[in-house]
Amino acid sequence: MKRSIITFMSAALFAGSAAAQSLAPSYAIGGLVLSNDAMTTGDFFSLSQTQFNFGTARSMAMGGAFASLGGDLASMSINPAGLGMYRRGEIAITPVMSFSRAETPGARPASSAMPYRDNSKNRFAIGNFGAVFNVFEGQGRLLSLNFGVGYNRLADYNYSYSFEFAGGNRTSSIADALCVQLEAGGITVGSNGITQGSASNWNIDPFFWPGVGAYKTFLVDRNENGVWYPAEIGDNATIDGGAAVRSTGSAGEFDFSLGGNWDNKLYFGFTLGIQNIYQKKHIYYGEGYSYNGGNGYNTGDPAVDADGRQLDEVMQSMGLNQTTTVDGTGVNFKLGLIYRPTNSLRIGVAFHSPTFYSLDRRYNLAMSTLAIGPTDADKDDYRPHEYTSDAGPEFPWEDSGNEGWEFVTPTRLMFGFSYAFDDKAVVSVDYERDWYNGIRVKHQPYLPYGPGAEDYKQDFKHYFKGSNTLRAGLEVRPLPVMAVRAGFGYCGSMLRDKNTVLSSPAIRETTYYTAGIGFTLSRSAYVDLAYCYVQNRTTPYLLFYGNKYMPAASSEPDEIYQSEQYSTDIKRHSIALTIGFRF
């Protein structure tokens, strides 16, 4: 099947004349490890997604199918018209415990991807809290107005996944891709060390810091002909290694809502939502190099360069640690209507405007290598090269930036209906349409090599589409004081081709199953318990790619250096408890 790849950077370097321009190569650099100093298409996609397996325990247990039900604090973030159904005030809080488990079954082309480090993460959080107050009661057709304020968790970014790979099928090292990165940036070596134009060392644009770190730790070098190459890795090396990602954070929304009741037939509502996002992601990537099972000296297969000459210094391993932190706020509004043609039937519709976000991004990098030096007689003395963010003020490895990113999330439209069987049971079904092809980047920091706002726009229009979400819930009351609940949800792919490869894994398909139970403790108090199982299928991704494409008129071949393709799925178990009081 054809697979599309959205590259983070595809920049052409041009000479002065038109003839020279036609012979200039173009470069594509990125992947999970090499796209971390800027917001990628996949980042905006991931931060735009919401998860309706949060809210109150009642709404969670019924699969979030509350576009027409109402009478719940979760209505503020789903359909604010549901606030119009309140006849009394209410206050409630919902703590939630989540347990995430990740699986990376393998790579394409086929190679082993075995568990490495921790592939699980547990988290305690507040899923929902809020209150509703009656602010008006009338005798005419407008019977009541209710004001609500609350917080609802929208997405959970707490997960951890890792894997190690065997090098039987690997033909590229990340060092090859970093050489392409340095060449694409026009980076050279001079009297002031590694330079890019008038900038030197860590004043070079942070996008190229992985390449700078590779030079500083002797992983790559520049020869007398000005060509970057893997300095201490033999051309006959077998490459093993591993990768690990650990993410923390969440997205949530503070809601200010107003809902009204018109003649017990039509309910209407409005919500002003203020969203917040925080995600901190640690990414580790490492490689180990061996030669017929040895270290390049102690076997009959020594480490040699491309011309067959034995290396004086032999690289044994490298490690690259990066941390990215994204935090920001956004604002949106929601409008909703619920119509009750009969006492049993309710029909709801809700419109969610795009969220207008302003984000800050911080980036930190540390890199180290281990090599065997040329003067070690027994070749067992390892020579470490290490540069980290703790190396001192002369190595400013953190890029905080002085400009933010602004983008607009998809527009959302929801329809729902529910039917009550007297006081014994209620069934609810929702349909939601989200236009992910409408995501737009409004402002971004200056990027010398990377896409502009128009490039992001074309990516979202070309690769993404509207998604369809179906949610269903059931509540049965075997006793007047007890309710038993169950739910289901499915969100289809937002990608025109579900096999599109992004720079990092993003959720492309979600299925969840829910269940719960609720008890009315008194006229003023209740408690609800819910369980939710979520399976997220993610987009395939590359750990790195550093590709150089030659123009058609050139006789030189393209240079393609990239990892195998991986796919990581995340499963999550959540337990929520709501304690509420009515007044």
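Since every read-out is calculated from the coordinates, none of them should be taken as a lab result. No experiment lies behind these values; they were computed from the predicted model shown. No Cβ is skipped: glycine too gets one built from the backbone with ideal geometry, and neighbour counts run over all protein chains shown.
General observations
- Based on alpha-carbon atoms, the Kirkwood radius and the radius of gyration of the stretch 455-508 give Rg/Rh equal to 1.30.
- Pairwise FRET efficiency - Lys498 versus Asp558, Cβ, R0 = 45 Å, nearest 0.05: 0.95
- Once both labels are positioned 7 Å from their Cα atoms along Cα-to-Cβ, the gap between Ser522 and Phe351 label points is 4.4 nm.
- Taking every C-alpha pair closer than 8 Å and separated by at least 6 residues, the mean separation divided by the residue count of the stretch 28-102 gives a relative contact order of 18 percent.
- Gyration tensor (alpha-carbon) shape descriptor, the stretch 181-317, a/c threshold 1.5: prolate
- Reach of Lys424 by Cα under 28 Å, taken over lysines that are not fewer than 8 positions away in the same chain: Lys265
- Taking N as its residue count, the alpha carbon Rg of the chain over 2.2 N^0.38 Å: 1.12
- Counting charges near Tyr151 (Lys, Arg +1; Asp, Glu -1) among other residues having Cβ under 14 Å from its Cβ returns a value of -1.
- About the centre of its Cα atoms, the stretch 9-582 shows a dipole size close to 3760 debye [charges on the beta carbon of Lys, Arg (+1) and Asp, Glu (-1) only; nearest 20 debye].
- Extension gain for the segment Ser358 to His462, taken as residue separation times 0.36 nm less the Cα-Cα distance, is 35.0 nm to one decimal.
- Between 0 and 90°, nearest 10: helix 174-184 axis offset from the chain longest Cα axis: 90
- Over 28 Å (Cα to Cα) - which of Lys281/Lys334; Lys465/Lys571; Lys334/Lys465; Lys457/Lys571 fall in this group: Lys281/Lys334; Lys457/Lys571
- Each residue, Leu335 and Asp305, gets one label point 7 Å from its Cα in the Cβ direction; the gap between the two is 6.9 nm.
- Placing unit charges on each Cβ (+1 for Lys and Arg, -1 for Asp and Glu) gives the stretch 514-583 a dipole about its Cα centre, and among Tyr566, Leu577, Phe544 the Cα reaching farthest toward its positive end belongs to Leu577.
- Ordering Lys424, Lys461, Lys281 from the fewest to the most neighbouring beta carbons within 10 Å gives Lys424, Lys461, Lys281.
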